[in-house]
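Engineer: Have a look at this one before I ask anything.
The values are calculated or read from the model by the stated rules, or taken from the named source; none is laboratory data. Keep in mind the model is a prediction, meaning the values are calculated, not measured. A quick note on method: Cβ atoms are made from the backbone with ideal geometry, for glycine too, and the neighbour counts reach across all protein chains shown. Calculation scope for accessible area: heavy atoms of the full protein, side chains included, ligands and nucleic acids excluded. Shrake-Rupley method; radii C 1.70, N 1.55, O 1.52, S 1.80 Å.
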Amino acid sequence: MPVEIDIEHVARLARLDLSAEELEGYKDQLGLILEHAARVQSLDAEPHAENAHPLGLFNSFRDDVVLPSLDRDEVLAAAPETAEGYFVVPPAMEGE
Amino acid sequence: MSPMPSVVEAGRWLRDGETTAVRLLEGALQRAANCEAQIHAFLTIDRERALETAARADADLADGIDRGPLHGIPIALKDNMCTRGVETTAASQILAGYRPPYDATVVSRLGEGGAVVVGKTNLDEFAMGSSTENSAYGPTFNPWDITRVPGGSSGGSAAAVAVGSSVAALGSDTGGSIRQPAALCGVVGMKPTYGTVSRYGLIAFASSLDQIGPLTRTVEDSALTLEVIWGHDPLDATSYSGDYPDPKAGLDRGVAGLRVGVVKELSGEGYEPAVESAMGEMVSRLEGAGVEVVEVSLPSFEIALSAYYLIAPAECSANLARFDGIRYGHRGQGSTTEGLMSRTRAEGFGPEVTRRILLGTYALSAGYYEAFYGQAQRVRAAIQEDFTRAYQQVDVLVSPTSPTVAFAAGERTANPLAMYLSDICTIPSNLAGHPAISVPVGLDSQGLPIGFQVMAPPLGEEVMYQVAAEVERFAGFELAPTLQEVAS
Amino acid sequence: MRWEPVIGIEVHVELLTDSKMFCGCAVGFGAEPNTNVCPTCLGLPGALPVTNRAAIESIMAIGLALNCEVSPRSVFHRKNYFYADLPKNYQISQFDNPVCTGGYLDVEVEGASHRVGIERAHMEEDTGKSTHVGAGGRIHAAESTLLDFNRSGVPLVEIVSRPEIRSAEEARAYAQELRSVVVELGVSDARLEEGSMRFDANVSIRPQGSTDLGTKVEVKNMNSFRSLERAVEHEIARQIGLVDSGGKVVMETRHWDEEAGVTHSMRTKEGSSDYRYFVEPDLVPMVLDREWVRQIQETLPELPASRRERYRRDGLGDALAGVLAAADPALRHIYEDAVTVGADPKAAANWVTGDVIGWLRRRELDPIELQLDGAALAELVGMVGEGRISSSAAKDVLDGVLSGEGRPAEVAETRDLIQISDRASLETLVAEVLAANPKAVEGYRGGDEKVVGFLVGQVMRATQGKADPRMVDELLREQLLA
């Protein structure tokens, strides 16, 4: 059974401004893919914490030492719009 | 034009004075020039920079400075690795023209090793795909038959090595993206143990699965290249800081006495007869050389693909959230930041990337997390357990690298699920974080390469290469794609 | 219907590490925009985070100071949402496995102590800063937004109290006490005006005596302790007014308007946010074993509450103990050293928190520059106690000591402030004065008390003011009665 999805909601969460037609298409495709992916539910297993690193790494830290930052000009050169050292964007709507 | 050498051969010629780094580079560039119109392996070739690096490599050698096996060797880099000041696009419109202000760690290590970067190779956009047809800059074609795909997502790197427009290349492997194109292009492709090669500067697809690895003409080349790029990196918190094995140690040891497991689940329906028979033949040869062959069942492999297509998109949906048109890359129109971000992303991402972001966002969203992402993690744990159990019985596991040889361009693009099935043999090693290698073992009746996969336990690169070297010797495979004539 | 307020406070504290939470960029206030940035804190493609060990030790210290449990194993999560000042459009934070859980902070309001439970303290990274440019600088009227990522990635500890605060006053006291704890620990400078400490309040009301929780309203944008108290006070009243007139409290976020003295509703998003938390795959788990926790515990300094208690045991009253405990360490050490060599604690404390601080303020000096040690203070206190100098003369002596003129005894000598308190010589002087003023003596014997003052004055005049007035008074009365 293909899975039913609220594709508009998902697209909004992901900040993807897609047309109604595109959304329909993705909705169908996702339904089929998720049907296949839902096979993971066939596994009967204990609730799992989180996956450990394959080599069991833990406590990977850095010392509290200051390292050189990037050159600001090089950073801003890649930006679509800047002003006096700042990145410029249109006014934000209220964030989440 | 003489055939392009391996890393080992080129290294010998350089030190014998038979050639120079500049000449090697020019040979590579000539081949690229001859082939690019037909295969489109490269997105960027920075001729000036490469010649400078080659000249420096020659000067160093003349001064007695020897930086190691990759010194003076032309290398290609998949275009999802950051190269400072050189366009890095991840084959996406959203990064058109982007020049990173820093080098990936592997790029720095290649530099310290005296390698000469020829250029940046084509890939499926953001490394998502199995055919390099998802590139925003046009597909790459298979040098053995240019109506077919080279595999993906590291299709450009595989094709470049196949025709010799670089001696070796780096790719990235998240679900098979080094091994599968290597198999389809008749070269050696290897994915290291997760955590042994730094991901700093690799444009992330799925953080817990991505690994950078070498694509080369020979197994020995692969081991040598791996040693240059792997090792602990303090800039990557998932980087392994313990003892690393010597991948070269078993190359000449042969396989007598080893136990090899043939994975039961990776055969049968969907596997081309030529692939299965090449598989069978090689297993017999190994048996004849003193290997104990056992059939091993890893039942969780049946749902590995399903787990992968929840975990990888989930992680990628977060990793690609940063592409919002604010600090770099393409920017769409918008009168509010929210509008700008949404427009930017809709314009900048291709369909496969969009599909995976939507899939991943859904799998993580409230109400669905447990049934999808949460459950996929459990499957992942089951896969790791199956592997562990298997390695109590055997030293390595083997399977075909891909169920099929190279398929026709456009054949699977309409059906995402069909495309995803290309990765069925390679995905389990990514989920477990284990090393695996694809070695070319022959051609099918259409002259298309078949790849043989060897999988080993974590940090088991030594035994993996040991078996791979023997497979390579038995196969006696000749790297001679049709396009080689053009290249010559 | 009687209502009682139920308040919880969320505090964010920026840590004073040298470098950021996940990269080596410098942490600092006031640098030129976008100069302390790197691939990691800018969210560039390919960048990766690596955890700052010192930040983890700081949050462990905070947790231990707040009587929390430190989790033996803790992980980071990605909190996914899109916002211009969040470069990766996810924040590395903690979800259901924070570093610290289950503690408390004792808060004093008008002499009474109340224990406020701490739900958790977790580690996260700060965001960049947006400046809205356009009409009036207010969010809704902006023309564009300027982004500075210097603050992006600064280590941030979020401390969440249980909803156990019972008044606006207590809310303020809680926030102030929490601030003094983190400052004492040295992990943050907690400057409200710089934003290195920020708080949000969750306010609800319920029928008095009920144990259910009412609908809570989140109040933001309180930039001082005073505005915290005012905002909470206002919100409580607003909610009570609302339900008393038949309305219902809506779960929402409200913005405190300091000028107008009211809270405004912020535009609500459709539904609450779906952060799609999952374990951060670019980091590995933290194992905070008991040995490490023990090491941190051992390095904890004395906390404000313990110090206040210790001063109370010295004999200081609540108010004085509180003021002294909050004073600069240099001053507190002077007090403590003085008490160690025998000075009267109350007197020593009064000197330190009164005249010494006043002296410093007038000259705009730092306590670290004081030329006063505990022994000198003890000497001064002793001299007053023994009557060798009067209390007013002592202020002059202190001034002399602080100005570097020498030890108290020397200064008293030099400035000729030593009181005459030698009983024998004063007796003689008193007798002389009485002899010289027979009318006054007559007056006293006739019931006139006021002449004592006159007679004391005469003795003081005769000694150029240096006689110990208490002793003079005593001797006069003795001799008058004789």
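Engineer: Tell me, what ³J(HN,Hα) does each residue in the range C:246-255 have, in order and in whole Hz, if you take phi through Karplus 6.51 cos²θ - 1.76 cosθ + 1.60 with θ = phi - 60° and put x for Gly and Pro?
Structural biologist: Running phi through 6.51 cos²θ - 1.76 cosθ + 1.60 with θ = phi - 60° gives x, x, 10, 6, 9, 6, 7, 10, 10, 10 Hz.
Engineer: Next question, about the same structure. Measure nothing but the geometry: give the 0 to 90° angle between the long axis through the Cα atoms of C:391-402 and the longest principal axis through the Cα atoms of chain C, rounded to 10°.
Structural biologist: 60 degrees
Engineer: Using only protein heavy atoms and a 1.4 Å probe, how much accessible area in total is buried between A and C, to the nearest 100 Å²?
Structural biologist: The contact between C and A buries close to 4000 Å².
Engineer: Using each residue's phi in the range B:343-349, evaluate 6.51 cos²θ - 1.76 cosθ + 1.60 at θ = phi - 60° and report the 3J(HN,Hα) Karplus result to the nearest Hz, with x for Gly and Pro.
Structural biologist: 5, 3, 6, 5, 6, x, 9
Engineer: With solvent modelled as a 1.4 Å probe, how much accessible area in total do chains B and C shield from it at their shared surface, in Å² to the nearest 100?
Structural biologist: Counting both chains, the buried surface is close to 2600 Å².
Engineer: Next up: When a/c is below 1.5 the answer is rounded, else prolate if a/b is larger than b/c, else oblate, so apply that to the range C:423-481 with a ≥ b ≥ c taken from the square roots of the Cα gyration tensor eigenvalues.
Structural biologist: Numbers: a/c = 1.68, a/b = 1.61, b/c = 1.05.
It is prolate, given that a/c is not under 1.5 and a/b is the larger ratio.
Engineer: Nearest 10 degrees is fine. How inclined is helix C:225-244 to the longest principal axis of chain C, computing both from alpha carbons?
Structural biologist: 60 degrees
Engineer: Also, I was wondering about something else. Which value, in Å³ per residue, describes the convex hull spanned by the Cα atoms of the range B:58-104?
Structural biologist: Details: hull volume 4.5 nm³, N = 47.
Convex hull of Cα atoms, per residue: 95 Å³.
Engineer: Please compute, over every Cα-Cα pair in the range B:1-122, the percentage with a separation greater than 26 angstrom.
Structural biologist: On the way: 1488 of 7381 pairs.
Result: 20 percent of Cα pairs exceed 26 Å.
Engineer: Per-residue HN-Hα couplings for the range C:119-132, Karplus 6.51 cos²θ - 1.76 cosθ + 1.60 at θ = phi - 60°, whole Hz, x for Gly and Pro?
Structural biologist: 6, 6, 9, 10, 9, 7, 10, 6, 9, x, 10, 9, 10, 8
Engineer: Could you please report the charge total around residue B:87, scoring K, R as +1 and D, E as -1 over all other residues with beta-carbon less than 9 angstrom from its beta-carbon?
Structural biologist: On the way: positive: B:99, B:120; negative: B:46, B:79.
That works out to 0.
Engineer: Still on this structure, I have one more. On a C-alpha basis, how far is the centre of the range C:203-256 from the centre of the range B:1-33 in Å? Whole number, if you could?
Structural biologist: 76 Å
Engineer: What is the distance, in nm, between label points placed 7 Å from the Cα along the Cα-to-Cβ direction at residue A:83 and at residue B:26?
Structural biologist: Reported label-point gap for residue A:83 and residue B:26 is 5.4 nm.
Engineer: Helix-derived [θ] at 222 nm for chain B: sum -39500 (n - 2.57) over DSSP H runs of at least 4, divide by residue count, nearest 500? Can you show the working numbers first?
Structural biologist: Numbers: 16 runs with 187 residues, N = 488.
Calculated at 222 nm, the ellipticity per residue is -12000 deg cm²/dmol.
Engineer: Which of rounded, prolate, oblate describes the range C:3-295, given a ≥ b ≥ c as roots of the alpha-carbon gyration tensor eigenvalues and a/c under 1.5 marking rounded, otherwise prolate only if a/b is larger than b/c? It would help to have the intermediate numbers written out before the result.
Structural biologist: Values: a/c = 1.73, a/b = 1.24, b/c = 1.40.
Since a/c reaches 1.5 but b/c is at least a/b, the shape of the range C:3-295 is classed as oblate.
Engineer: Moving to a separate point now. Roughly speaking, to the nearest percent, how much of the range C:1-56's 1.4 Å accessible area is carbon and sulfur? Mind dumping the intermediate values first?
Structural biologist: Values: 800 of 1590 Å².
Heavy-atom surface of the range C:1-56 belonging to carbon and sulfur, 1.4 Å probe: 50 percent.
Engineer: Using only protein heavy atoms and a 1.4 Å probe, how much accessible area in total is buried between B and A, to the nearest 100 Å²? Before the final figure, lay out each step's value.
Structural biologist: Details: alone 17430 and 9720 Å², together 22270 Å².
In total, this chain pair buries about 4900 Å².
Engineer: Using only alpha-carbon positions, what ratio does the radius of gyration of the range C:302-414 give when scaled by 2.2 N^0.38 Å? Let's see the in-between values first.
Structural biologist: Details: Rg = 13.4 Å, N = 113, 2.2 N^0.38 = 13.3 Å.
Taking N as the residue count of the range C:302-414, the ratio is 1.01.
Engineer: While we're looking at this one, here's another question. For residue B:78, which lysines qualify as cross-link partners when the Cα separation must be under 22 Å and same-chain residues fewer than eight apart are set aside?
Structural biologist: The qualifying lysines are B:120, B:191.
Engineer: Also, I was wondering about something else. Name the residues of the range B:373-390 whose accessible area falls by at least 40 Å² when all protein chains are present instead of the chain alone, probe 1.4 Å?
Structural biologist: B:375, B:378
Engineer: Another one. For residue C:369 and residue C:416 in the same chain, what is the full-extension length gain: residue separation times 0.36 nm, less their Cα-Cα distance, in nm?
Structural biologist: Details: separation 47, 0.36 × 47 = 16.92 nm, distance 2.66 nm.
Result for the pair: 14.3 nm of gain on full extension.
Engineer: Here is a further query. In terms of the Cα gyration tensor, with a ≥ b ≥ c the square roots of its eigenvalues, is the range B:410-460 rounded because a/c is under 1.5, prolate because a/b exceeds b/c, or oblate? Don't skip to the answer; put the middle values down first.
Structural biologist: Numbers: a/c = 4.72, a/b = 1.28, b/c = 3.70.
Verdict is oblate for the range B:410-460.
Engineer: Moving to a separate point now. Amide H to amide H under 5 Å from residue C:288: which residues, 5+ apart in sequence or cross-chain, H placed 1.01 Å off N in plane?
Structural biologist: C:73, C:74
Engineer: Using only Cα atoms, what is the ratio of the radius of gyration of chain A to 2.2 N^0.38 Å?
Structural biologist: Values: Rg = 22.3 Å, N = 96, 2.2 N^0.38 = 12.5 Å.
Rounded to two decimals, the normalised Rg is 1.79.
Engineer: So how far, in whole Å, is the C-alpha centre of the range C:48-110 from the one of the range B:259-298?
Structural biologist: 50 Å
Engineer: How much accessible area per residue does the protein assembly as shown have, in Å², with a 1.4 Å probe? Let's see the in-between values first.
Structural biologist: On the way: 40320 Å² over 1066 residues.
Result: 38 Å² per residue.
Engineer: On to the next question. Would you compute, for the Cα atoms of the protein assembly as shown, the largest minus smallest coordinate along each principal axis and list the three values in descending order, in whole Å?
Structural biologist: 142, 79, 57
Engineer: So which cysteines in chain C don't have a second cysteine's C-beta under 4.7 Å from them?
Structural biologist: C:23, C:25, C:38, C:41
Engineer: Quick query: amide H of residue B:293 versus all other amide H atoms, modeled in the peptide plane; which residues come in under 5 Å with a sequence gap of 5 or more or a different chain?
Structural biologist: Excluding prolines and chain starts, which carry no amide H, the hits are B:260.
Engineer: When the accessible area of each residue in the range A:67-81 is compared between its chain alone and the complete protein assembly (1.4 Å probe; ligands, DNA and RNA ignored), which residues differ by at least 50 Å², being lower in the assembly?
Structural biologist: A:69, A:70, A:72, A:74, A:78, A:80
Engineer: Another one. For chain C, which longest stretch is free of loop sites, where a loop site is one of the trypsin sites (Lys or Arg not before Pro) that DSSP puts outside H, G, I, E and B and that has at most 14 other Cβ atoms within 10 Å?
Structural biologist: Longest site-free region, per DSSP loop and neighbour criteria: C:270-482.
Engineer: Using alpha-carbon pairs under 8 Å, 6+ residues apart, how would you state the relative contact order of chain B in percent? Write out the running numbers ahead of the final one.
Structural biologist: Numbers: 1200 pairs, mean separation 91.4, N = 488.
About 19 percent, as a whole number.
Engineer: Taking the Cα atoms only, what angle lies between the long axis of helix A:20-37 and the longest principal axis of chain A, rounded to 10 degrees?
Structural biologist: Its long axis makes an angle of about 60 degrees.
Engineer: For C:85-98, what's the mean count of beta carbons from other chains sitting within 10 Å of each residue's beta carbon?
Structural biologist: Numbers: counts 6, 5, 6, 5, 10, 5, 0, 0, 0, 0, 0, 0, 2, 0.
Other-chain Cβ atoms within 10 Å of each residue's Cβ, averaged: 3.
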